[in-house]
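This report refers to the structure that appears directly beneath it.
The values are calculated or read from the model by the stated rules, or taken from the named source; none is laboratory data. Treat the numbers as computed from the prediction; the structure is a model and nothing was measured. Cβ placement follows ideal geometry from the backbone for every residue including glycine, while neighbour counts extend to all protein chains displayed. Protein only, heavy atoms only, side chains kept; ligands, DNA and RNA dropped before computing areas. Shrake-Rupley method; radii C 1.70, N 1.55, O 1.52, S 1.80 Å.
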Amino acid sequence: MRAVVLGDTPWSLRVADRWPEPVLGSGQVMVRVRGVGICGSDLALISHERRAPAYPWVFGHEAFGEVVAAGAGVDASRVGQRVVIEPNYPCLRCPACRAGLTSMCPDRVLVGFTAPGLLAEYAAVPAAYAWPAPDRWSDGDAVCAEPLTVALAAIRRSGMRPGANCLVVGAGSQGGLLCLALAAHGVTPHVLEPDDGRLELAVSLGAKAAGPDDTGFAAVFETSGAEAALGEAVSRAAHGATVVLIGLGGQATPVDTRRVVRRQLTLRGSLIYDHPGDFAATLTSGIPSPERILGASFPLDEAPEAFRAARDVPGKTWIRVTG
Ligand SMILES: [Zn+2]
Ligand SMILES: [Zn+2]
(Lines give C-alpha, C1' and ligand atoms only; values in the text may rest on other atoms or scores of the structure.)
(Ligands and ions follow the chains in the order given, each with its own letter.)
Protein backbone atom coordinates (compact mmCIF):
# COMPACT_ATOMS: atom_id res chain seq x y z
CA MET A 1 0.00 0.00 0.00
CA ARG A 2 0.99 3.63 -0.22
CA ALA A 3 2.03 5.43 2.94
CA VAL A 4 3.79 8.64 3.96
CA VAL A 5 7.06 7.72 5.63
CA LEU A 6 9.33 9.83 7.84
CA GLY A 7 13.05 9.06 7.71
CA ASP A 8 15.74 9.37 10.40
CA THR A 9 16.58 13.00 9.59
CA PRO A 10 14.23 15.96 10.17
CA TRP A 11 11.75 16.64 7.34
CA SER A 12 12.83 13.57 5.35
CA LEU A 13 9.36 12.68 4.10
CA ARG A 14 8.53 10.43 1.18
CA VAL A 15 5.52 8.64 -0.22
CA ALA A 16 6.28 4.90 -0.24
CA ASP A 17 4.42 2.84 -2.86
CA ARG A 18 5.01 -0.61 -1.40
CA TRP A 19 4.65 -0.23 2.34
CA PRO A 20 3.44 -3.45 4.05
CA GLU A 21 -0.30 -3.55 4.70
CA PRO A 22 -1.44 -3.99 8.30
CA VAL A 23 -2.69 -7.42 9.39
CA LEU A 24 -6.33 -7.48 10.49
CA GLY A 25 -6.56 -8.86 14.04
CA SER A 26 -9.55 -10.21 15.91
CA GLY A 27 -11.76 -7.48 17.31
CA GLN A 28 -10.51 -5.07 14.65
CA VAL A 29 -11.83 -3.52 11.47
CA MET A 30 -9.74 -2.72 8.41
CA VAL A 31 -10.23 0.91 7.43
CA ARG A 32 -9.48 2.24 3.97
CA VAL A 33 -8.22 5.66 5.03
CA ARG A 34 -9.70 8.54 3.03
CA GLY A 35 -8.45 11.67 4.76
CA VAL A 36 -5.93 12.64 7.45
CA GLY A 37 -5.64 16.00 9.21
CA ILE A 38 -2.29 17.52 10.13
CA CYS A 39 -1.64 18.93 13.58
CA GLY A 40 1.20 20.51 15.52
CA SER A 41 2.22 17.23 17.11
CA ASP A 42 2.85 15.79 13.62
CA LEU A 43 5.10 18.74 12.86
CA ALA A 44 6.99 18.10 16.14
CA LEU A 45 7.55 14.52 14.96
CA ILE A 46 8.65 15.57 11.46
CA SER A 47 11.15 18.08 12.85
CA HIS A 48 12.40 15.35 15.28
CA GLU A 49 11.59 17.61 18.23
CA ARG A 50 9.56 14.58 19.24
CA ARG A 51 11.13 11.18 18.43
CA ALA A 52 9.44 8.24 16.75
CA PRO A 53 10.09 4.79 18.23
CA ALA A 54 11.74 3.68 14.96
CA TYR A 55 12.62 5.01 11.50
CA PRO A 56 11.32 4.89 8.84
CA TRP A 57 8.02 5.73 10.58
CA VAL A 58 4.41 6.10 9.46
CA PHE A 59 2.57 8.73 11.52
CA GLY A 60 -0.77 10.59 11.33
CA HIS A 61 -3.62 10.32 13.85
CA GLU A 62 -6.59 12.44 12.69
CA ALA A 63 -8.29 10.19 10.17
CA PHE A 64 -11.54 8.99 8.70
CA GLY A 65 -12.22 6.29 6.15
CA GLU A 66 -14.40 3.35 5.28
CA VAL A 67 -14.53 -0.10 6.83
CA VAL A 68 -13.51 -2.65 4.18
CA ALA A 69 -13.21 -5.80 6.34
CA ALA A 70 -14.24 -6.99 9.80
CA GLY A 71 -11.97 -9.21 11.90
CA ALA A 72 -13.04 -12.18 13.99
CA GLY A 73 -15.69 -11.28 16.54
CA VAL A 74 -16.72 -8.06 14.78
CA ASP A 75 -20.18 -7.59 13.28
CA ALA A 76 -19.75 -8.07 9.50
CA SER A 77 -22.42 -5.45 8.85
CA ARG A 78 -19.84 -2.81 9.70
CA VAL A 79 -18.24 -3.29 6.28
CA GLY A 80 -19.04 -0.24 4.16
CA GLN A 81 -19.49 2.05 7.17
CA ARG A 82 -17.84 5.48 7.05
CA VAL A 83 -15.89 5.87 10.28
CA VAL A 84 -13.79 8.35 12.24
CA ILE A 85 -10.88 6.92 14.21
CA GLU A 86 -10.20 7.54 17.90
CA PRO A 87 -6.41 7.18 17.83
CA ASN A 88 -5.66 6.50 21.51
CA TYR A 89 -6.15 3.00 22.89
CA PRO A 90 -6.09 2.87 26.70
CA CYS A 91 -5.64 -0.43 28.57
CA LEU A 92 -9.07 -0.16 30.27
CA ARG A 93 -7.70 -2.10 33.29
CA CYS A 94 -5.46 0.30 35.24
CA PRO A 95 -6.76 2.53 38.08
CA ALA A 96 -6.91 5.61 35.79
CA CYS A 97 -8.89 3.72 33.15
CA ARG A 98 -11.23 2.25 35.75
CA ALA A 99 -11.84 5.77 37.07
CA GLY A 100 -12.83 6.89 33.56
CA LEU A 101 -9.64 8.90 33.03
CA THR A 102 -8.36 6.92 30.08
CA SER A 103 -6.33 9.92 28.89
CA MET A 104 -4.12 9.28 31.94
CA CYS A 105 -3.57 5.59 31.19
CA PRO A 106 0.18 4.84 31.52
CA ASP A 107 -0.14 2.05 28.95
CA ARG A 108 -2.11 4.07 26.43
CA VAL A 109 -1.23 3.35 22.78
CA LEU A 110 -0.79 6.62 20.87
CA VAL A 111 -1.46 5.89 17.22
CA GLY A 112 1.10 7.70 15.08
CA PHE A 113 3.49 8.16 18.02
CA THR A 114 3.97 4.86 19.86
CA ALA A 115 2.23 2.69 17.25
CA PRO A 116 2.18 3.05 13.46
CA GLY A 117 -0.02 5.90 12.29
CA LEU A 118 -2.86 6.44 9.86
CA LEU A 119 -1.28 8.32 6.97
CA ALA A 120 -1.46 5.23 4.77
CA GLU A 121 -4.06 3.60 2.55
CA TYR A 122 -5.13 1.05 5.19
CA ALA A 123 -5.23 0.87 8.97
CA ALA A 124 -6.32 -1.97 11.28
CA VAL A 125 -8.25 -0.40 14.16
CA PRO A 126 -9.97 -1.91 17.22
CA ALA A 127 -13.68 -1.90 16.30
CA ALA A 128 -14.66 0.21 19.32
CA TYR A 129 -12.25 2.95 18.20
CA ALA A 130 -13.69 3.22 14.67
CA TRP A 131 -16.81 5.31 15.27
CA PRO A 132 -19.59 5.53 12.68
CA ALA A 133 -19.53 9.06 11.25
CA PRO A 134 -22.90 10.85 11.35
CA ASP A 135 -24.60 10.94 7.93
CA ARG A 136 -24.93 14.71 8.13
CA TRP A 137 -21.15 15.07 8.26
CA SER A 138 -19.22 15.90 5.12
CA ASP A 139 -15.84 14.28 4.61
CA GLY A 140 -14.33 17.57 5.80
CA ASP A 141 -16.33 17.37 9.03
CA ALA A 142 -15.17 13.78 9.53
CA VAL A 143 -11.50 14.71 9.23
CA CYS A 144 -12.02 17.17 12.13
CA ALA A 145 -13.55 14.64 14.54
CA GLU A 146 -10.42 13.97 16.59
CA PRO A 147 -9.24 17.57 17.19
CA LEU A 148 -12.86 18.64 17.72
CA THR A 149 -13.05 16.01 20.48
CA VAL A 150 -9.93 17.53 22.06
CA ALA A 151 -11.69 20.92 22.05
CA LEU A 152 -14.97 19.60 23.45
CA ALA A 153 -13.17 17.67 26.20
CA ALA A 154 -11.39 20.89 27.21
CA ILE A 155 -14.73 22.72 27.43
CA ARG A 156 -16.22 19.86 29.47
CA ARG A 157 -13.24 19.88 31.85
CA SER A 158 -13.39 23.68 32.23
CA GLY A 159 -16.73 23.30 33.99
CA MET A 160 -17.73 26.61 32.41
CA ARG A 161 -21.31 27.71 32.78
CA PRO A 162 -23.45 28.48 29.75
CA GLY A 163 -23.06 32.13 28.83
CA ALA A 164 -19.78 32.60 30.75
CA ASN A 165 -17.42 35.10 29.15
CA CYS A 166 -14.38 33.33 27.91
CA LEU A 167 -11.06 33.87 26.22
CA VAL A 168 -9.23 31.61 23.78
CA VAL A 169 -5.49 32.27 23.58
CA GLY A 170 -4.03 31.16 20.23
CA ALA A 171 -6.02 30.50 17.07
CA GLY A 172 -4.14 27.66 15.48
CA SER A 173 -6.43 24.83 14.43
CA GLN A 174 -7.04 23.78 18.05
CA GLY A 175 -7.89 27.33 19.11
CA GLY A 176 -10.08 27.76 16.04
CA LEU A 177 -12.01 24.57 16.81
CA LEU A 178 -12.52 25.78 20.39
CA CYS A 179 -13.95 29.06 19.05
CA LEU A 180 -16.27 27.16 16.74
CA ALA A 181 -17.42 24.83 19.53
CA LEU A 182 -17.93 27.67 22.03
CA ALA A 183 -19.91 29.67 19.47
CA ALA A 184 -22.12 26.62 18.92
CA HIS A 185 -22.73 26.62 22.70
CA GLY A 186 -24.08 30.14 22.43
CA VAL A 187 -20.93 31.82 23.77
CA THR A 188 -18.98 34.48 21.88
CA PRO A 189 -15.38 33.71 22.81
CA HIS A 190 -12.82 36.47 22.75
CA VAL A 191 -9.65 35.42 21.00
CA LEU A 192 -6.01 36.54 21.27
CA GLU A 193 -3.86 35.70 18.27
CA PRO A 194 -0.92 37.67 16.87
CA ASP A 195 -1.24 36.31 13.31
CA ASP A 196 -3.78 38.30 11.25
CA GLY A 197 -4.83 35.39 9.04
CA ARG A 198 -5.50 33.10 12.01
CA LEU A 199 -7.33 35.85 13.87
CA GLU A 200 -9.53 36.47 10.85
CA LEU A 201 -10.35 32.78 10.61
CA ALA A 202 -11.29 32.64 14.32
CA VAL A 203 -13.57 35.65 13.87
CA SER A 204 -15.25 33.96 10.91
CA LEU A 205 -15.91 30.98 13.22
CA GLY A 206 -17.81 33.12 15.71
CA ALA A 207 -15.09 34.63 17.93
CA LYS A 208 -14.37 38.28 18.62
CA ALA A 209 -10.86 39.77 18.68
CA ALA A 210 -9.87 40.56 22.29
CA GLY A 211 -8.81 44.16 22.81
CA PRO A 212 -5.81 45.11 24.97
CA ASP A 213 -8.09 46.01 27.90
CA ASP A 214 -10.38 43.00 27.76
CA THR A 215 -9.86 41.15 31.04
CA GLY A 216 -11.92 39.44 33.71
CA PHE A 217 -12.70 36.22 31.82
CA ALA A 218 -14.36 33.44 33.82
CA ALA A 219 -12.90 30.76 31.57
CA VAL A 220 -9.66 30.95 29.63
CA PHE A 221 -8.34 28.34 27.18
CA GLU A 222 -4.61 28.49 26.44
CA THR A 223 -3.91 26.56 23.24
CA SER A 224 -0.42 27.65 22.17
CA GLY A 225 1.94 26.41 24.89
CA ALA A 226 4.02 29.60 24.48
CA GLU A 227 5.32 31.38 27.59
CA ALA A 228 3.96 34.83 26.65
CA ALA A 229 0.58 33.28 25.90
CA LEU A 230 0.38 31.65 29.34
CA GLY A 231 1.17 35.05 30.88
CA GLU A 232 -1.72 36.59 28.94
CA ALA A 233 -4.04 33.76 29.89
CA VAL A 234 -3.36 34.19 33.62
CA SER A 235 -3.34 37.99 33.60
CA ARG A 236 -6.71 38.23 31.84
CA ALA A 237 -8.52 35.71 34.04
CA ALA A 238 -11.21 36.90 36.45
CA HIS A 239 -11.07 36.22 40.19
CA GLY A 240 -11.95 32.58 40.72
CA ALA A 241 -11.60 31.78 37.00
CA THR A 242 -10.53 28.49 35.49
CA VAL A 243 -7.60 28.60 33.08
CA VAL A 244 -7.52 25.47 30.95
CA LEU A 245 -4.11 24.62 29.50
CA ILE A 246 -4.22 22.65 26.27
CA GLY A 247 -1.07 23.81 24.48
CA LEU A 248 2.10 21.78 25.02
CA GLY A 249 5.18 23.86 24.32
CA GLY A 250 8.60 22.40 23.66
CA GLN A 251 9.70 23.24 27.20
CA ALA A 252 8.36 23.94 30.69
CA THR A 253 6.78 27.38 31.07
CA PRO A 254 6.98 29.56 34.21
CA VAL A 255 3.76 31.05 35.57
CA ASP A 256 3.08 34.04 37.90
CA THR A 257 1.99 32.09 40.97
CA ARG A 258 1.31 35.27 42.98
CA ARG A 259 -1.41 36.14 40.54
CA VAL A 260 -2.78 32.61 40.64
CA VAL A 261 -2.98 32.76 44.46
CA ARG A 262 -4.35 36.29 44.74
CA ARG A 263 -7.02 35.70 42.15
CA GLN A 264 -7.67 32.17 43.36
CA LEU A 265 -7.40 30.79 39.85
CA THR A 266 -7.81 27.16 38.97
CA LEU A 267 -5.21 25.96 36.46
CA ARG A 268 -6.56 22.88 34.73
CA GLY A 269 -4.53 20.81 32.26
CA SER A 270 -6.52 19.11 29.53
CA LEU A 271 -4.94 16.23 27.63
CA ILE A 272 -6.83 14.69 24.70
CA TYR A 273 -10.11 12.99 25.75
CA ASP A 274 -11.46 10.06 27.70
CA HIS A 275 -12.80 6.87 26.12
CA PRO A 276 -15.56 6.30 25.25
CA GLY A 277 -17.57 9.29 26.46
CA ASP A 278 -15.81 12.14 24.71
CA PHE A 279 -15.87 10.72 21.17
CA ALA A 280 -19.47 9.67 21.65
CA ALA A 281 -20.28 13.24 22.72
CA THR A 282 -18.59 14.72 19.64
CA LEU A 283 -20.66 12.58 17.29
CA THR A 284 -23.92 13.74 18.88
CA SER A 285 -22.82 17.32 19.59
CA GLY A 286 -24.58 18.75 16.53
CA ILE A 287 -21.85 21.36 16.06
CA PRO A 288 -22.52 22.77 12.60
CA SER A 289 -19.83 22.18 9.95
CA PRO A 290 -16.61 21.64 11.89
CA GLU A 291 -14.99 21.60 8.42
CA ARG A 292 -15.00 25.40 8.60
CA ILE A 293 -11.62 25.06 10.37
CA LEU A 294 -10.08 23.41 7.31
CA GLY A 295 -7.58 25.17 5.08
CA ALA A 296 -5.98 23.58 2.05
CA SER A 297 -6.14 19.88 1.19
CA PHE A 298 -3.51 17.98 -0.74
CA PRO A 299 -3.45 14.59 -2.49
CA LEU A 300 -1.26 11.90 -0.92
CA ASP A 301 1.43 12.41 -3.59
CA GLU A 302 1.90 15.98 -2.36
CA ALA A 303 2.12 15.12 1.35
CA PRO A 304 5.55 16.79 1.81
CA GLU A 305 4.08 20.07 0.45
CA ALA A 306 1.06 19.66 2.73
CA PHE A 307 3.28 19.63 5.83
CA ARG A 308 5.12 22.73 4.72
CA ALA A 309 1.78 24.50 4.14
CA ALA A 310 0.56 23.37 7.58
CA ARG A 311 3.29 25.46 9.22
CA ASP A 312 2.33 28.68 7.48
CA VAL A 313 -1.29 28.67 6.36
CA PRO A 314 -4.22 29.44 8.72
CA GLY A 315 -6.72 26.62 9.27
CA LYS A 316 -6.11 22.89 9.38
CA THR A 317 -4.33 21.41 6.37
CA TRP A 318 -5.34 17.87 5.44
CA ILE A 319 -4.38 15.10 3.07
CA ARG A 320 -6.78 13.21 0.79
CA VAL A 321 -5.37 9.68 1.03
CA THR A 322 -7.75 7.76 -1.23
CA GLY A 323 -10.67 9.02 -3.32
ZN1 LIG B 1 -3.69 16.07 16.45
ZN1 LIG C 1 -5.19 2.10 31.53
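Report, in degrees rounded to the nearest 10, the 0 to 90 angle that the Cα long axis of helix 303-312 makes with the longest principal axis of the chain. Taking Cα atoms only, the helix is inclined about 0 degrees.
Net charge in the neighbourhood of ARG263 (other residues with Cβ under 15 Å of its Cβ; Lys, Arg +1, Asp, Glu -1) is +3.
Here the chain is assigned +1 on the Cβ of each Lys and Arg and -1 on the Cβ of each Asp and Glu. Its dipole about the Cα centre then comes out at about 840 debye. Springs join every pair of Cα atoms under 10 Å in this Gaussian network model of the chain, and among ARG18, ARG311, ARG136 the largest mean-square fluctuation is at ARG18. Adding -39500 (n - 2.57) for every DSSP H run of four residues or longer, then dividing by how many residues the chain holds, sets the calculated 222 nm ellipticity at -7000 deg cm²/dmol. Among beta bridges identified by DSSP and lying wholly in the chain, the antiparallel ones come to about 55 percent.
The solvent-accessible area of SER47, taken with every protein chain present and a 1.4 Å probe, is close to 40 Å². Residues with beta-carbon under 9 Å from that of HIS239, excluding HIS239: net charge, scoring Lys, Arg +1 and Asp, Glu -1? Combined, the nearby Lys, Arg, Asp and Glu give +2. Which of VAL33, VAL260, VAL67 ends up with the largest GNM mean-square fluctuation for the chain, with Cα atoms connected below 10 Å? Top of the fluctuation ranking is VAL260.
Given the C-alpha centroids of the stretch 256-323 and the stretch 172-231, what is the distance between them in whole angstrom? Going from one Cα centre to the other spans 13 Å.
Let me know the volume per residue of the alpha-carbon convex hull for the stretch 189-323, in Å³.
Numbers: hull volume 20.6 nm³, N = 135.
Per-residue hull volume (Cα only) is 152 Å³.
Putting +1 on Lys and Arg Cβ atoms and -1 on Asp and Glu Cβ atoms, find which of GLY323, THR284, MET30 reaches farthest to the positive end of the dipole of the chain. Towards the positive end, the residue furthest out is THR284. Residue-wise HN-Hα couplings along the stretch 89-102, as the Karplus relation 6.51 cos²θ - 1.76 cosθ + 1.60 with θ = phi - 60° gives them from phi, are 10, x, 6, 6, 10, 6, x, 4, 4, 5, 8, x, 9, 5 Hz; Gly and Pro carry x. For the residues GLY73, GLY197, GLY225, a GNM of the chain with alpha-carbon springs under 10 Å puts the largest fluctuation on GLY73.
Sorting LYS208, LYS316 by accessible area puts them as LYS208, LYS316; the probe is 1.4 Å, largest comes first, and only protein heavy atoms count.
For ASP107, neighbours were defined as the other residues whose beta-carbon sits under 14 Å from its Cβ, and their charges (Lys and Arg +1, Asp and Glu -1) total +3. Working note: Cα gyration tensor of the chain, eigenvalues times five, square-rooted, sorted largest first, giving semi-axes of 33, 21, 19 Å.
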